[in-house]
Amino acid sequence: MQRRLPAFLLLALAGSLAGGSSSNALPVGAQAGRITLESLYSPDSDRRVSYSGPTPSRLTWVDDEHYVQRPSRADQGWLRVDAVTGASTAAFDAGGVQTALASLPGLTQEDVDALATAAAGDLARGRGATVVNHANDLFLIMAAGEAKRLTFDAAPEVGEELSPDGKFVSFVRDYNLHLIEVESGRERSLTTDGGPELFYGRLDWVYQEEVYGRGNFKGYWWSPDSSAIAFLKLDESPVNEFTVVDHMPTTLETEVTKYPKAGDPNPRVWLGVIKAVGGETVWIDTKQYEPIEHLIVRVGWNPGGDRVVYQVQDREQRWLDLNMANPANGSTTRLLHETTPAFVQVLGDPYWLKDGSFLWFSERSGYKHLYHYSFDGASTPGMKQQVTAGEWEARTLHDVDEANDWVYFSGTERSPIGGDVYRVRLDGTGLERLSQTEGTHRASFNPSATHYIDTWSDVHTPAQVRLHAADGTEVRVIVANPVPELAELDLGKVQFLQVPTRDGFMMEAMIIRPPDFDPSKKYPVLQYNYGGPHAPSVRNAWGGTRYLWHQMLAQHGYIIWICDNRSASGKGIKPTWEAYLQLGVVELRDIEDGLDWLVAQGYADPDRLGIWGWSYGGFMASYALTHSTRFRAGIAGAPVTDWRLYDTIYTERYMRMPQNNPEGYDSTSVVKGAAGLHGNLLILHGTMDDNVHMQNSIQLIYELHKAGKDSFDFMVYPRSRHGVRERELVWALQKRMTKFLLENL
């Protein structure tokens, strides 16, 4: 039975959701020290408050002494900054670039401005020239104040790139790989038989989403000397199509994408090499992987440019091979073979050292660490030593100072909920933590590794930026980022703690209590959860708008609870193996253990427990409400409701193919568990989500109706993808979520 809302919550809801205010007032419903929805999400920029301050952008080194800084206002240009002194000058001649673009025929002032803005970042970072794709044509723009239009074709070009020597521009048009000689403007086609089902140098949906990085559709790689290109050939003909619909035009518009769902055929893949001058393609020999379906998950070149270095996995990602191939004849040598008791993740390319040896990340021990391999270019590499070790992770390799024998990296040796900067000798001795302040540090080293820029935040503090010497000594505060608006807020106390599961695993947790917390009272609890493999939510880092929305709810009398189940803990990949073949099962058990601990403290109301999340978190919220009786309410945003409905590469890494694990797919299905719905569920989905299709929510709703369940609501967001981005729709989304929680918890 629903309880009536307390009067203070009704008033808070009315104030938060009201639409009008006087022009000189605080954001609608505001009281001193209080957060409102308007201050976080209003479509009116005048009503939003920048509680994160002028968030520092990633500053990029251009040489050992200087970095570039993007403008903070539209009327400012990019700056080239002396790292030690802070003195700055214009990063490049922006006026000259504008003049050069204006001299090109057929461009409006709007075109000129768009091209100049798109080119600015590359030119500021020291690139003498850059290629910009504008209105389906390519333009070469030079820092010296020259510009050329390279294409005049109605067909769109994608994946454009300037060759390392600057003499060619490469791109994909009509699914074929093309080159333009910069000096002469002559164009040549390197491949000719590409089409909608045969991609040359262009990635398909699943390869860009799950392998090479979301939004990156470029599937080719220049040799260091610009003499050749390695590229992927993808045969899409076996892959099933999926259609998403834009309902807004009078005549519906559809997008049809090749999208392989778990167990369905993947694209067939080959790796080829072709000379920049053209000629026959040399196909890299991958016959040793046939007839088993395989993935080509990384491609690059060795520093000398005489070998292609690539990585291959089986379809279900049980193993990974690091290979080296001769581009002249395609012959292949296997350098390394990685396995684990469950799945193998792609962890990046080898880092080559001057003597031909290389550093390599591996999770073979259950924890991500660096290993040093000797290699003479002919025989099989031999491991010289493990460079980092322990029950923690070396997460990011920044640089290697070979002259002084230091490897610089970031890792979690101090804490799994933060991140620190370290250095260690190549032989694995002399480990030093360079960052001192607890929290999360993100480092960017200059080319010779004498200094680094450190972007730091913690749960209370928006990002700040400092310059450090390579030994960790602070040199200069670059951005202090004080936020007086944040200091004025009456925020709930944040506490980090560890909570044991029934079998003794220590979960990392974070609690936000109401500012006027009284331990003798009972409070409703909202748990935020993502829960996906090796994707922690508990972080000692600034959480931005989502964190402040949680604080707003705490101000209205909620306890906010974030507790990472073991497989999402960030404590190495080893705990994630326990979720293998049964996504959701172990995660929910851990979530229940965490809530049992919280309820046992005496101030959490066991009858008013809620959970929310998006994407994998949406799966966990909907799975929790259909496979547990603990929760009174849940919000599932863009949920996967049956893993048969999600893409091959992500799903099969953790679940194998449905043909090989039918019981696992059945036991983790929210759709099949719909009759078990307990509590009130709010389902949210973008109508044009091309990642987690709205099909997931529709299939769940169908089964809920058939099971006679009516304790759920469904809200759709037109033209929205996997995330809702349009300001007015974000505003509507957050109002709906807040209203639902106030009514149901």
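The values are calculated or read from the model by the stated rules, or taken from the named source; none is laboratory data. Bear in mind that the values here come from a model prediction, so they are computed numbers and not experimental data. All Cβ positions, glycine included, derive from the backbone under ideal geometry; neighbour counts span all protein chains shown.
A compact table of results
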quantity	calculated
Restricting segment 91-115 to residues that are among the polar types (S, T, N, Q) and either part of a loop (DSSP other than H, G, I, E, B) or within 29 Å of the chain's Cα centre (by Cα) (or both), the residue that is nearest to residue 469 (Cα to Cα)	103
Residue count, segment 429-450 (criterion: under 27 Å from the mean Cα position of the chain (by Cα), outside any loop (DSSP other than H, G, I, E, B) and of a type outside the set (Lys, Arg))	5
Boolean, residue 143 is out of contact with any His (no Cβ under 7 Å at 6 or more places or on another chain) and under 25 Å from residue 187 (Cα atoms)	yes
Strands (runs of 3 or more DSSP E) contained entirely in segment 475-567, each with at least 2 residues that are more than 30 Å from the chain's Cα centre (by Cα)	523-528
Answer from 335, 271, 320 - the residue that is touching a residue at least 24 places away in the same chain (Cβ under 8 Å) and either in contact with a Pro (Cβ under 8 Å, 6 or more places away or on another chain) or polar (S, T, N, Q) (or both)	335
Residue among 594, 570 that alone is touching a His at 6+ places or on another chain (Cβ under 8 Å) and either in contact (Cβ under 8 Å) with a residue 40 or more places away in the chain or within 20 Å of residue 367 (Cα to Cα) (or both)	570
Qualifying positions in segment 256-268 - part of a strand (DSSP E or B) and either under 25 Å from the mean Cα position of the chain (by Cα) or over 30 Å from residue 640 (Cα atoms) (or both)	256, 257, 258, 261
Failed item in (1) in contact with a strand residue (DSSP E or B) (Cβ under 7 Å, 6 or more places away or on another chain); (2) among the aliphatic types (A, V, I, L, M); (3) surrounded by fewer than 20 Cβ atoms within 10 Å (Cβ to Cβ), with residue 162 passing the rest	(3)
Residue satisfying all of: in segment 386-428; β-branched (Val, Ile, Thr) and outside any strand (DSSP E or B); surrounded by the most Cβ atoms within 10 Å (Cβ to Cβ) among these	417
Residue ID - nearest to the chain's Cα centre (by Cα), chosen from residues in segment 276-312 that are among the hydrophobic types (A, V, I, L, M, F, W, C) and more than 17 Å from residue 326 (Cβ to Cβ)	297
Selection count where residues are over 29 Å from the mean Cα position of the chain (by Cα) and among the acidic types (Asp, Glu), scope segment 316-360	1
Which listed residue, of 530, 422, is at pLDDT 95 or above and closer than 25 Å to residue 742 by Cβ	530
Out of 690, 647, 590, 642, sole residue that is in contact with a Phe, Trp or Tyr (Cβ under 9 Å, 6 or more places away or on another chain), under 23 Å from residue 706 (Cα atoms) and of a type in the set (Asp, Glu)	642
Residue ID - farthest from residue 64 (Cα to Cα), chosen from residues in segment 445-465 that are in contact with an Asp or Glu (Cβ under 8 Å, 6 or more places away or on another chain) and not aliphatic (A, V, I, L, M)	458
Flag for residue 376 being exposed (fewer than 15 other Cβ atoms within 10 Å of the Cβ), under 20 Å from residue 324 (Cα atoms), among the charged types (D, E, K, R) and without any contact (Cβ under 8 Å) to a residue 60 or more places away in the chain	yes
Meets criteria (within 19 Å of residue 496 (Cα to Cα), surrounded by fewer than 20 Cβ atoms within 10 Å (Cβ to Cβ) and more than 24 Å from the chain's Cα centre (by Cα)) for residue 599	yes
Qualifying strands (runs of 3 or more DSSP E) (wholly inside segment 281-371; at least 1 residues being over 24 Å from residue 228 (Cα atoms) and acidic (Asp, Glu))	308-314, 332-339
Number of positions in segment 26-65 that are part of a loop (DSSP other than H, G, I, E, B), closer than 23 Å to residue 486 by Cβ and among the acidic types (Asp, Glu)	2
Entirely in segment 133-232, the strands (runs of 3 or more DSSP E) that have 2 or more residues that are out of contact with any Phe, Trp or Tyr (no Cβ under 9 Å at 6 or more places or on another chain) and not charged (D, E, K, R)	137-142, 168-173
Residues located in segment 66-90, provided they are surrounded by 12 or more Cβ atoms within 10 Å (Cβ to Cβ), in contact (Cβ under 8 Å) with a residue 24 or more places away in the chain and either assigned to a loop (DSSP other than H, G, I, E, B) or of a type in the set (Asp, Glu) (or both)	70, 77, 78, 83, 84
When residues of segment 170-196 are limited to those that are surrounded by fewer than 19 Cβ atoms within 10 Å (Cβ to Cβ), under 18 Å from residue 227 (Cα atoms) and hydroxyl-bearing (Ser, Thr, Tyr), the one farthest from the chain's Cα centre (by Cα)	184
